[in-house]
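See below for the structure under consideration.
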Amino acid sequence: MFSLPLRDNAHLRPLELWHADEFAAHMDRAREHIRPWVGAGFVTADVDGARGTLRRYAERQAADGARLYGIWLDGTLVGGVMFTDFSTASGSCEVGCWLEPAAEGHGVVTEACQALLDWAFVTRGLHRAEWHCRADNERSAAVAERLGMTLEGVRREYWPYGGTRYDKQLWAVLAPEWRARRR
Ligand SMILES: CC(C)(COP(=O)(O)OP(=O)(O)OC[C@H]1O[C@@H](n2cnc3c(N)ncnc32)[C@H](O)[C@@H]1OP(=O)(O)O)[C@@H](O)C(=O)NCCC(=O)NCCS
């Protein structure tokens, strides 16, 4: 029902339980592309799995926590952005993202993350937003950089995947930095 235009052919909308079939169809196109880079629990196999993800986010949103938003490009769900964590108690949040391969390279994730960060900092008064990614995830780190985030550190061999442990980068931007950037 509610939709934020990112540009003429791209829209950001809450991704909710009633999208389960559409989300599962999208996951069929995205699964192998995102598997190495996102939490294992997010990479679901079927409609029941998709419904589980959407329900988990809905429950956390009801407690003013995590939130999930889809990106529709030319009317097709192609990916999304989320608050993987959101806490007014600590004044901080963590933002995440994913896309199916055909939707990469259009700038829609950077634009969608800007909308989330505006809401977190300006509307909700949070102080800090984090971005976590595998250290070899160059496209993800590039988004963090485009958002004006600072690379604060590396958790060494934190991320197990396929029998190897990868380093994880922690990026963040603070509210005054974001406001200065958006002026
Ligand atoms: C991470 C991921 C979402 C980044 O996707 P992306 O398309 O590179 O990011 P954006 O949507 O912000 O698009 C930026 C690209 O669009 C280009 N672009 C085109 N028009 C643009 C515009 N108007 N504004 C900004 N960028 C634009 C940019 O040049 C950039 O392309 P380049 O890297 O080839 O130079 C994607 O690679 C992905 O889903 N990876 C697998 C899952 C994953 O890693 N998730 C993150 C876990 S931490």
Quiz item: Which residues, taken from the range 64-79, are at positive phi and within 9 Å of the ligand (Cβ to nearest atom)?
Solution: Gly79
Quiz item: Here are Leu54, Leu68: which of them is under 19 Å from Ala129 (Cβ atoms) and under 15 Å from the mean Cα position of the chain (by Cα)?
Solution: Leu68
Self-check item: Unmet criterion (only one of (1) crowded, with 16+ Cβ neighbours inside 10 Å; (2) within 20 Å of Phe2 (Cα to Cα)) for Phe86
Solution: (2)
Quiz item: If you take the residues in the range 126-150 that are closer than 19 Å to Ser87 by Cβ and surrounded by fewer than 19 Cβ atoms within 10 Å (Cβ to Cβ), which one is farthest from the ligand (Cβ to nearest atom)?
Solution: His127
Exercise. Name, by its number, the condition in (1) closer than 19 Å to Asp85 by Cβ; (2) assigned to a strand (DSSP E or B); (3) within 15 Å of the ligand (Cβ to nearest atom) that does not hold for Asp167.
Key: (1)
Self-check item: the range 90-106, residues that are surrounded by fewer than 17 Cβ atoms within 10 Å (Cβ to Cβ) and either in a loop (DSSP other than H, G, I, E, B) or near the ligand (Cβ under 6 Å from one of its atoms) (or both)
Solution: Ser90, Gly91, Glu104, Gly105
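Where a number appears in this text, it was derived from the coordinates with a stated rule and is not lab data. Being a predicted model, the structure only gives us computed values, none of them experimental. For neighbour counting, all protein chains shown are included, and Cβ atoms are generated from backbone atoms with ideal geometry for every residue, glycine included.
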